[in-house]
Amino acid sequence: MKKKQAVVNFNKCDPKKCNPEKGKCIAVEACKQKVITQEEEFEAPIIFEKMCSGCGKCVCECPLNAIDINWV
């Protein structure tokens with residue numbers, strides 16, 4: 001059975017553009033399941049894809065359209 005998962009497009013993702021002062025990824029805060037983490041400020045977030053339900057909240061919040069939902 002296929003499942004939806006969010007994935008980061010690292011070619012589009014740039015927390016410096018999303019949040020120039022703090023470098024925080026906006027999508028991390030949007031994830032109620034806490035499956036997105038950002039190791040350090042100004043670095044791209046990481047999604048624990050196997051735990052992701054594919055709800056799409058992070059996709060809606062990402063101003064750079066750097067997160068997609070894939071069927072796996």
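Here are a few things to note about the model shown:
- Scope region 30-72; condition within 10 Å of the chain's Cα centre (by Cα), over 22 Å from Pro20 (Cα atoms) and open to solvent by less than 30 Å² (accessible area, probe 1.4 Å); matching residues: Val35, Gly56
- In region 1-24, residue farthest from Asn70 (Cα to Cα) [restricted to those that are among the hydrophobic types (A, V, I, L, M, F, W, C) and in contact (Cβ under 8 Å) with a residue 12 or more places away in the chain]: Cys18
- Close pairs from region 25-47: first of a type in the set (Ser, Thr, Tyr), partner open to solvent by less than 90 Å² (accessible area, probe 1.4 Å), Cβ under 8 Å, at least 6 apart: Thr37/Val28; Thr37/Pro45; Thr37/Ile46
- Number of residues in region 13-29 that are within 20 Å of Cys55 (Cβ to Cβ) and surrounded by fewer than 17 Cβ atoms within 10 Å (Cβ to Cβ): the value is 2.
The values are calculated or read from the model by the stated rules, or taken from the named source; none is laboratory data. For clarity, every value in this text was computed on a predicted model and none was experimentally measured. In this analysis, Cβ positions are derived from the backbone assuming ideal geometry, glycine residues included, and neighbour counts consider all displayed protein chains. All accessible areas refer to the heavy atoms of the entire protein, side chains included, with ligands and DNA or RNA removed. Shrake-Rupley method; radii C 1.70, N 1.55, O 1.52, S 1.80 Å.
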